[in-house]
Every structure is written in structure tokens, then in C-alpha cells.
Number of protein chains: 2
Amino acid sequence: MKNNTVLQLLEGKKLHQDIQISGWVKAYRSNRFIALNDGSTIHNIQCVVDFENTDEQILKQITTGAAIKVEGTLEESQGHGQKYEVVVKHIHILGAANPDEVKKTILQPKKHSLEKLREQAHLRVRTNTFGAVMRLRSQLSFAVHEYFRKNGFFYVNTPIITGSDAEGAGEMFKVTNYDLNNVPKNEEGRVDYKEDFFGKETNLTVSGQLEAETYALGLGKVYTFGPTFRAENSNTSRHLAEFWMIEPEVAFCDLDGNMDLAEDFIKYVLQYIVDHCQDDLEFLENRLLQEEKSKPEKDRSPMKLREKLDFVLANNFKRVSYTEAIDILKKSKPNKKKKFNYIIEEWGADLQSEHERYLVEKHFKCPVILFDYPADIKAFYMRLNEDEKTVRAMDILFPGIGEIVGGSQREERYDVLQSKMKELNIDQEELSWYLDTRKFGTCVHSGFGLGFERLVLFATGMTNIRDVIPYPRTPQNADF
Amino acid sequence: MKNNTVLQLLEGKKLHQDIQISGWVKAYRSNRFIALNDGSTIHNIQCVVDFENTDEQILKQITTGAAIKVEGTLEESQGHGQKYEVVVKHIHILGAANPDEVKKTILQPKKHSLEKLREQAHLRVRTNTFGAVMRLRSQLSFAVHEYFRKNGFFYVNTPIITGSDAEGAGEMFKVTNYDLNNVPKNEEGRVDYKEDFFGKETNLTVSGQLEAETYALGLGKVYTFGPTFRAENSNTSRHLAEFWMIEPEVAFCDLDGNMDLAEDFIKYVLQYIVDHCQDDLEFLENRLLQEEKSKPEKDRSPMKLREKLDFVLANNFKRVSYTEAIDILKKSKPNKKKKFNYIIEEWGADLQSEHERYLVEKHFKCPVILFDYPADIKAFYMRLNEDEKTVRAMDILFPGIGEIVGGSQREERYDVLQSKMKELNIDQEELSWYLDTRKFGTCVHSGFGLGFERLVLFATGMTNIRDVIPYPRTPQNADF
């Protein structure tokens, strides 16, 4: 007989039928009731053991963490707290879990700190919290692919190892096949890359955008969804050295179309989890309420998790130009009272996360799209406005998260792009392929990057980005 | 007005309506008929220009490769070869394409070799062949996610940068943040990793399996779909240094279930493209027929592309034990006549690609699943059979492709796994997290890896793996 999942059994369709289920023991009480979970849902199924007719050797091994296979029938539950339960006929111990050993791990059923769970990241997915987070992450991923497919986008796998560092600005990891104990050098004592695997210096990508542009200018609408890397020494709750990024790129689309796309996309994927993940969301909402009880009232979220999702879904993102934003910030209380670490004095200032949070959380109290930034604080490929001092850039800022999207209309004019690269000393030879796309049928096009883990943070109500990816990579940590 | 896509217009629903479309000129003939493509489909839409009422400066710029925006109405076509056409009211040149420059590129409308196209990989997606291949690749990707979602699997992003090299066997790329010109050394003259980004030696992953196992033993059914890497100096038409791999991992599933899953999965995704990609498949089928005309008859495919797909869909994969396969090979003509480069003499021999191809293409003439391999030629984590000399491994072999899937039931017994690791000198300390999964509720579980590009090769009829990924990474090549 094939295994059913807990999710299937809880639907009740198998009522009064013989069933088989395998999973892990979450709890065992009164020598009678097993709470069994197999990862398919946050909920357990209750299995009722006929302990008088079950071998004592087997009963002894029904302990938290053990893997068991149960055969029985699905029946309506007489007890409280569940609608259905399995009346057990046979129990097979698949893998025991020595209680003395379990006690040393996070599988021990008691409250563990998130820090402790991170140390045992190989076991944390068996906790309720991480089961819920990871199921939700998976559903969000699927929603991403479904959205783009429904809207005529093609998925493109841009390279992870790149020979270009145009965008990296020194924050790229190096990739080599050389023995680091003995790196070949040339006559000037510099690394001789000729014999290295790729015959030149190579790095891990920080963005697939430039390559995605070449594909958008052929397939029309494309997106990437893959790992990207930053060798940035930021040990914060919002940064990872390895994270997943979504980068759509659209031909014949200007900045307004780009903002429409980003907003529509974010709402689609959040609506998807509201529609498909109520059980996990409910659990995570309660988890967050518990966690916040220990915080001072002013640091607690103004809304519950699902209220926050509904709020984002129900409201338009506020679109504000950089220039307007600077005006608001200049006149703001924390600026006048010098409460900001960086006081906004004039147009042209780069916004810090404290400013972004003020705009989103205090001033507008909703997601904000800032656009038309000063050219000087943005990348070379962004389209210059007629004023010649701002570019068609946009960032989307989310409450509690900060920047979740960064995008722009791209500079499609060959001459303007070329002189910008010259100005910034960007090697035109190395990016000749990129310049080529402006030579042969160039057109208005736009795109953005969305850090997937920040979206998962927002959707799960978790507060540390290390807790929404299975095995986080951060400074001094590449465990597992 | 919003752009329509060529795909939308060819559906004909907008007949007699005002429409707008943007795309690239594929051809322009008789000063009148533009074949316009926007990447949404292999087909072009014909745009009929009223050349007498159009500015000559504009007409001049309608050349192959130029990007244009057309406003007009969709009408039934009077000419042959298309059902609908756009009667043009206005044409806007978005980006010209200088014909003298175009001539130097693969955008020039004539036959270019696949080698030449690879050199201009940033432009090749604008050719019919690569447009078709990349759309098909995208559809296959989506089918992968859809299959697993429908079957209750969760998507897991296992780490790309790993601190473990248990599986790598010296074929891993190193990742570092050190300046290679000046690698810090310790007192013994060896690399001192303490100050490196992760504080230890790190590599690019060759497989997410071990981490996926930890997740399957919590969530039940999981899969990865991400980039993996091999620093293997194989300059063949079947190897890439960077490729995408799909790795499902299933708790409570044995080798038979694993074979069922793999076969069902492959058939689902191939059926998906048969259902959704007929136009691109037709084009690619004809391309392959053309390509094969120049080959000697014996080297041509026995079936057309779509026949081959239908054949795989209609037939069961043949399941054959390694022991049976060795018997067949020993008695085979090429073995007796010493035509194989590696003559099969006895049980235990590792199969070479010539042997796999003989089994699939000559003997069985269908996809083959080989299982129960000798333990000595397989990995440490595969489950030992009762005979103590074979393991519960399986490989799926495809005609023209060779190995497309490698999988196994995993060794779930702590003691057996531990002694195997000891025997092979695998560091138990480093993999203590992996061993842990056998300590706390271990269970039968299985999984496999499928090289995505090999599947795309099979589905598109392309013959070089460099031609089914946007920017291939191979020895001495990390361009773009």
C-alpha cells in the first residue's frame, strides 16, 4: 500500500478506509496518542495506539523524533482538537531516536532560540517554525514562475561564473581552479591566469542583468531567478553573501511600465500565498505575536502578519520622486532634531536605510516606489532623463524590510551609454557585447532586481534573513 | 496603447482592430512587406507598409535587425503563407541597425555555423534556432516546477558555496575573497584561511544532494533546481563546467519508487513541451533534418525529433540490472570483435559511454534504467544490498544523450554508512550533520540528479550542450 500524507488524511476523503502513513513522532502522550508529522503540512495527525496489543519493545521506541510507519484506518476523532485520527493496527519503527541524544538537539520539544536553531540548521526544518517558513518559501518560488509564465516571460539562466566585473566594484568572490598554496605568477610577479580553468580572472555573479538584457532584446520578456553573491562584510540581519534574486527584463517597456510590473508581480505572489498557505501563515502570525511579546510596545509590528499582507494587497504603492522624498525628509522631525545618523542637507544625498524606513513606516505608512534618482548615486546603465542630472531608476521600499526592489529603465542610446562608461572608466572592450545590443535595433527597455529572501522575510514575518534560507552564507560561516 | 505580441496577433482575436506592435525586422521585401518578430514565437507577423505615404527616411531604416514600432490594424492576409497581417498606419524607428555593421554579425540573414553563433552568444538568441531552443528551455523549466508542485514536493535552495568537499573529489572550483596575488600563508607556508571571507576553504557545489536529504527528512518530498559546477577538463559536446541540475529527494521511498518517480517526471515534462511548444518543435525538427543531410546515413537519427519524443512518451523505460547488462555486453558483437575501446571482461567493470550507447541504441532501442551497480564503482551514500557487493543505484540512459539521470536509494543505516565512510577515508567530523540525519528518526529515502541541459538537448534535438544554455562555461571560456 502507498503512503498517504498527513495533508491528504486531514482532508478526510479516506474516512473509514485502510490507510498507511509514515512520518516523525512529534509527541506521544498517555501511552496512547501519537502526534505524527511528515512535513506535508504544519498540522500533525493523531494516531491512536492500542497499547495493550502492541509489543512493549515497539512502544518504548515511540519517542519524539522517531520515524515510524503506521497502518490503520482513518476515523472521526472522539477527542478535541482534531477532526480525524488514525486508529492504528500496526506500527513499524523505521528509525528510532534515542531520547538522551535528542535532548542534546533542537529536536527536544521545548522553546529554542533562533540562534540555537541556526547552529543545527540541518535539523531545524523539522521544527514547526522552519517547516512553515520553508513550505512558504517554496510556494512563493512557484508563484514567481507562474506569474512570469502567465505573462509571457521566458526564464533565462544567466551565468553564475562571470569573466566580467563591471558591476562588482570589488565585492565579488573569486573563482579559481588553482591550488591557492601555489598560484602561478608571471614575470612581474602577478597571477598568471593563462593556465587557470577559464584562462582568465573569473568571479561569482552579482547580477544577471546585463546578460538578461541581451536576452530581452531577442525574446522580448525574460526573467532570471537564481543565486547571486556579494563578498561584502555585512554581518546584519538583512544581508547574505549568497542569496537568490529575481530579475525580469522587458523590451519596449519604460519606467512606468516597470513600476506597474513590479507592483503587479509582488501583489500576485503575495496573493498566491494568502490563497494557498493559510495554515502556515496562521502559525507564523502567532509565532510573531509570541516573539513580540518580549519587545517594548513601540517596537512591535503595528499589524499582524496576515493584516500586513492584506494591507499591501489592498493598497497602491505610493510613487514618489527622489526630489519629493528629499523635501519630505528635509522637513521631517528626525532631520530637524538631528535624530538621523545622516542628516539630509541637500538634493543629491544618498538615502540611508533610516531615511527609507522613515518614509515608509512613518510618513507614507505603505510600500513606496521612489524614482528619478540623481545620476551620480546610481549605476552606469540607467537611462538619463532630459534634465541630465537624474536617471530613470526606481527602488521599492517595504515596511520592516527596506529596499526590496531596485530597478531602472536602461540607457538604450549607444552614444550616451558609451560616454557614461568612458566617464566612469568602465572597460568598453570588456563590455563590447553589452554595447552591441545598442547597435543593432536598440529600444526602450527596463527591468528590476528583487532579493527573494527579503520577500520571504516579509511574507513569513521572520526578522533575520538567515532564517529564511536553508543554509545561510555569511561572513565566517559556510557550514553544512 | 499597449503593445501586443506577435503571438497574440497570430491568434486573430484582434481582427479588424487597431493594434500596436514592437519588434525587430527579420526581413523587408518589395519595399512593402516587413517580417516582424518580437521573440514571443518562432513566427513573424507580416506588416504591410504603405510606402507611397511613408517618409523615405523611415523606409531607409527598415533593415534587418532594426527595432520598430508599428501602429495599424490587424487584417486577414491576401497573400500566401500567413493568415493575418498588419496593415500599417504609422512606423516608428526605435533603433536602427546599420546594414554594413549587421553584415559583420550573425544577424546577417544567411546560414551561420553553430560555432560562429557561439562566438556571438549575445546575439544568437535573435536567430530562429536559438529563439526556439531558449523558449523550449524555459517551458521545460516551468514544467519541472509544475510537476513537483502537483506532486507535493517543496523546492529547496541548497547552498552554492560549500565548505564541504566530500563529494567533490578534486573537481571543485575554489571560492575565495583573497587577492590571489597575495594569499596569506601560515607558518608552514600553507594558505591561512582564517582571514578569508568564510574563515575556511570553500568551493562551488557539485551537488545539493546531501543538504537536500536533510530537508527530505523533515519536509518529506523536496527537490532542488539550481546551478552546479565541475572543474573537470572535459572539452566535449556533453560537458559544461557550470550546468543546472534537478535533484528530487523523497523520504519513505525505495529504489523502485525512485525509478517510478524519475520515469513519471521525465514523461511529464516532455509531454508538457509536446503540448505547449509545437511551433518551436516543428522548427527544430526541420533544423535537425537539414543538419543531418550533410551526415552519412548511418549517423543520422533513426527518428524525427517529435517521433522520438512520442516514442519515449509511449513506451516504458526498460529496467535492467547491472548484472544483466554486463551479460548482454559480454556477449555483444562489438565486445567479441573488440570494437569497444574498453572490452568488458568481467563483472565489476565501470560502464563507458560506448557501452551505455550500445545498450540503449543497439540492444534495447529505448530509454534504459540500469540498477544495482557494484558498490565499488558508486558513491559512499548508496544503500548496500543484502548481497553486500551491489548498491541500490540507478542510472537512466537516453538515446543520443547517454546518462541523463543518476540516482539511488540512500544508505539510511547509521552503522553501515559510518563504516563505509571510514573505509573510504571520508571525514566524519566534517559530515557529522549528515550522519546526524541517520541518528534521529532515519528512514528509507531515495533521490536522483538530472542534468537539465542534457534534457534540453534531448528535447530540442541540438547536439552540442553549449547550444542549450545562454552563456556556456567550458575550459578556457567564460565569455560574456
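Each of B:395, A:376 has some number of other Cβ atoms within 10 Å of its Cβ, and from fewest to most they run A:376, B:395. What you get for chain B, charging only the Cβ of Lys and Arg (+1) and of Asp and Glu (-1), is a dipole of about 1820 debye around the Cα centre. Between residue B:15 and residue B:188, the distance separating the two model label sites (each 7 Å from Cα on the Cα→Cβ line) works out to 8.0 nm. For residue A:303, inter-copy separations between label points set 7 Å beyond Cα along the Cβ vector come to 5.4 nm, shortest first.
Shown here for the range B:281-310: GluC sites (Glu not before Pro) in loop regions (DSSP other than H, G, I, E, B) with at most 16 other Cβ atoms within 10 Å, of which there are none.
DSSP assigns beta bridges within chain A; of those with both partners inside it, close to 85 percent run antiparallel.
As a rough footprinting exposure proxy, the listed residues A:391, A:320 were ranked by other beta carbons within 10 Å of their own, and the order from fewest upward is A:320, A:391. Taking the label point 7 Å along Cα→Cβ, residue B:385 and its counterparts in the other copies are spaced 7.1 nm apart, in ascending order.
Of all aspartates and glutamates in the structure, the ones whose alpha carbon falls short of 14 Å from that of residue B:331, not counting any fewer than 8 places away in one chain, are B:345, B:346.
Test of understanding: what is the full-extension gain from residue A:181 to residue A:254, defined as 0.36 nm times their sequence separation minus their Cα-Cα distance? Please report the intermediate quantities before stating the final value.
On the way: separation 73, 0.36 × 73 = 26.28 nm, distance 5.00 nm.
Residue separation times 0.36 nm, minus the Cα-Cα distance, leaves 21.3 nm.
Positive contributions from Lys and Arg (+1) and negative ones from Asp and Glu (-1), summed over other residues with Cβ under 13 Å from the Cβ of residue A:53, come out at -2.
Annotation: extensible slack from residue A:290 through residue A:377 equals 27.2 nm (criterion: 0.36 nm per residue apart, minus Cα-Cα distance).
Sorted shortest first, the separations between the residue B:435 label point and its copies elsewhere in the assembly read 5.8 nm; each point sits 7 Å from Cα along the Cα-to-Cβ line.
Fully extending the segment from residue B:299 to residue B:365, taken as 0.36 nm per residue of separation minus the present Cα-Cα distance, adds 22.2 nm.
Calculate for chain B the 222 nm mean residue ellipticity that helices alone would give, adding -39,500 (n - 2.57) per DSSP H run of length 4 or more and normalising by residue count, nearest 500 deg cm²/dmol. Working shown, then result.
Working: 15 runs with 145 residues, N = 480.
After summing the helix terms and dividing by residue count, I get -9000 deg cm²/dmol.
The C-alpha atoms of the protein assembly as shown occupy a region whose extents along the principal axes are 95, 89, 69 Å, arranged from largest to smallest. Give, to the nearest whole percent, the P(r) tail of chain A beyond 35 angstrom, counting all Cα pairs. Here the tail beyond 35 Å accounts for 45 percent of pairs. In whole angstrom, how far apart do the alpha carbon centroids of the range B:416-472 and the range A:436-479 sit? Value for the Cα centre distance between the two parts: 25 Å. Within straight-line reach of residue B:103, meaning a Cα separation under 18 Å, sit the following aspartates and glutamates at least 8 residues removed in sequence or on another chain: A:436, B:115, B:119.
For the pair the range B:95-160 and the range A:286-334, the centres of their Cα atoms are 41 angstrom apart.
Sorting B:222, A:191 from the fewest to the most surrounding beta carbons within 10 angstrom yields A:191, B:222. Of the GluC sites (Glu not before Pro) found in the range A:231-275, no site is in coil according to DSSP while having at most 15 other Cβ atoms within 10 Å of its Cβ. For peptide A:62-72, the mean count of partner chain Cβ atoms within 10 Å of a residue's Cβ comes to 2. Note on the range A:6-108: with charges restricted to the Cβ of Lys and Arg (+1) and Asp and Glu (-1), its dipole about the Cα centre is near 320 debye.
Tell me the GluC sites (Glu not before Pro) within the range B:321-394 that lie in a loop according to DSSP and have at most 12 other beta-carbon atoms within 10 Å.
Here the GluC sites (Glu not before Pro) that fit, given the DSSP loop and packing criteria, are B:345, B:346, B:386, B:388.
Every number here is computed from the coordinates shown, using simple stated rules; none is lab data. Everything numeric here is computed off the predicted structure, so don't read it as measured data. Methodologically, a virtual Cβ is constructed for each residue, glycine included, from the backbone with ideal geometry; neighbour enumeration extends over all protein chains shown.
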